[in-house]
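Below is one structure, written out as structure tokens; the observations come after it.
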Amino acid sequence: MNDQPSVSCGNCKNYQPGNRKPGSSPRKPQRLPEVLTHEEQEALLRQPNAKNFIGLRNLCLLRLMLNTGLRASEVLKVKTRDIDWSSGKLMVRQGKGKKVRSLWVGEEDLALLQLWVAKKARLPESELVFTNRKGKLILSRYLRYMVKRLATKAGIPKHVHPHMLRHTFATDLFRQTKNPRLTQKALGHSQISSTVIYTHIVDEELEEALKTFRVGGKNRLTCPRFEEHLKC
């Protein structure tokens with residue numbers, strides 16, 4: 001009996017651990033969501049020119065998505081009143097299902113956001129943190145285009161999109177904390193089954209690490225009578 005929950009997240013395909021139901025058609029193996037490596041994240045963040053007005057805004061957008069896991073729809077609707085500019089607490093009020101959750105912005109990201117908001121003061125007034133040059137809401141299609149363009153410029157050989165940044169955040173957070181409930185809360189998932197997918201990503205990494213552990217190199221443990229053992 002399959003007692004493992006199916007899991008899904010946003011734009012990624014469902015991942016079904018466990019066995020299929022009796023009599024059902026065989027399913028093709030479904031991939032786990034692709035994420036960015038640490039090196040790819042750094043390469044992506046090097047692309048916006050922070051000395052440029054729009055470059056600074058785009059850098060803030062990228063860092064906020066990578067470091068808080070905000071959905072595209074959430075990051076584009078963050079308002080200045082949603083951020084406690086002294087503590088870095090961020091209230092996500094435009095979450096999926098209109099759920100409200102709390103996140104925290106790191107010191108470096110907060111400083112960059114404060115710099116952006118100060119420069120944005122010359123634009124038409126808006127309660128939104130991120131706007132276009134006319135002080136209007138940035139369209140989601142522009143965000144997708146911007147992320148893809150900068151990823152291509154960075155030489156990242158993946159189809160990078162805003163939701164991949166959320167996957168990357170979630171994977172890195174779980175990898176560091178090993179706490180699925182904390183990851184669930186940060187992502188705003190109502191069900192833990194939606195978060196389990198990130199444990200499978202880390203499990204795959206562990207499998208690969210153990211399979212290649214001590215294979216070649218200076219850490220290899222030799223067995224003097226290996227061939228003899230195989231004949232037993």
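The values are calculated or read from the model by the stated rules, or taken from the named source; none is laboratory data. Keep in mind that this is a model prediction, so the values were computed, not measured. Cβ: placed from backbone, ideal geometry, glycine included. Neighbour counts: every protein chain shown.
Condition test on ARG166, is it modelled with pLDDT of 90 or more, of a type in the set (Lys, Arg) and either touching a helix residue (DSSP H, G or I) at 6+ places or on another chain (Cβ under 7 Å) or assigned to a loop (DSSP other than H, G, I, E, B) (or both)? Against the criterion (modelled with pLDDT of 90 or more, of a type in the set (Lys, Arg) and either touching a helix residue (DSSP H, G or I) at 6+ places or on another chain (Cβ under 7 Å) or assigned to a loop (DSSP other than H, G, I, E, B) (or both)), ARG166 qualifies. Scanning the range 151-171 for residues that are surrounded by 21 or more Cβ atoms within 10 Å (Cβ to Cβ) and either under 15 Å from LEU64 (Cβ atoms) or among the hydrophobic types (A, V, I, L, M, F, W, C) (or both) gives ALA151, VAL160, PRO162, MET164, LEU165, ARG166, THR168, PHE169, ALA170. Of the residues examined, THR171 is one that is of a type in the set (S, T, N, Q) and more than 23 Å from ARG93 (Cβ to Cβ). The single condition from (1) in contact with a Lys or Arg (Cβ under 9 Å, 6 or more places away or on another chain); (2) of a type outside the set (Gly, Ala, Ser); (3) surrounded by fewer than 19 Cβ atoms within 10 Å (Cβ to Cβ); (4) under 19 Å from SER194 (Cα atoms) that PHE53 fails is (4). For the range 159-184, the set of residues classified as charged (D, E, K, R) and under 14 Å from the mean Cα position of the chain (by Cα) consists of ARG166, ASP172, ARG175, listed by residue number. Among the residues making up the range 94-110, those that are over 20 Å from LEU182 (Cβ atoms) and either surrounded by 12 or more Cβ atoms within 10 Å (Cβ to Cβ) or touching a Phe, Trp or Tyr at 6+ places or on another chain (Cβ under 6 Å) (or both) are GLN94, LEU110.
Helices (runs of 4 or more DSSP H) fully within the range 56-153 that include at least 1 residues being free of Cβ contacts under 8 Å to residues at least 24 places away in the same chain and of a type outside the set (D, E, K, R): 107-120, 140-153.
Within the range 33-46, the set of residues being outside any helix (DSSP H, G or I), surrounded by fewer than 19 Cβ atoms within 10 Å (Cβ to Cβ) and of a type outside the set (D, E, K, R) comprises THR37 only.
Inspect the range 116-123 for any residue being of a type outside the set (D, E, K, R), at pLDDT 95 or above, under 20 Å from the mean Cα position of the chain (by Cα) and crowded, with 16+ Cβ neighbours inside 10 Å and give the result as yes or no. No, that holds for no residue. Across the range 195-204, which residue is farthest from the chain's Cα centre (by Cα) among those that are surrounded by fewer than 20 Cβ atoms within 10 Å (Cβ to Cβ) and in contact (Cβ under 8 Å) with a residue 24 or more places away in the chain? Ranking the qualifying residues of the range 195-204, first place goes to GLU204. For the range 78-102, the candidate set comprises residues that are basic (Lys, Arg) and touching a strand residue (DSSP E or B) at 6+ places or on another chain (Cβ under 7 Å); within that set, the residue that is modelled with the lowest pLDDT is ARG101.
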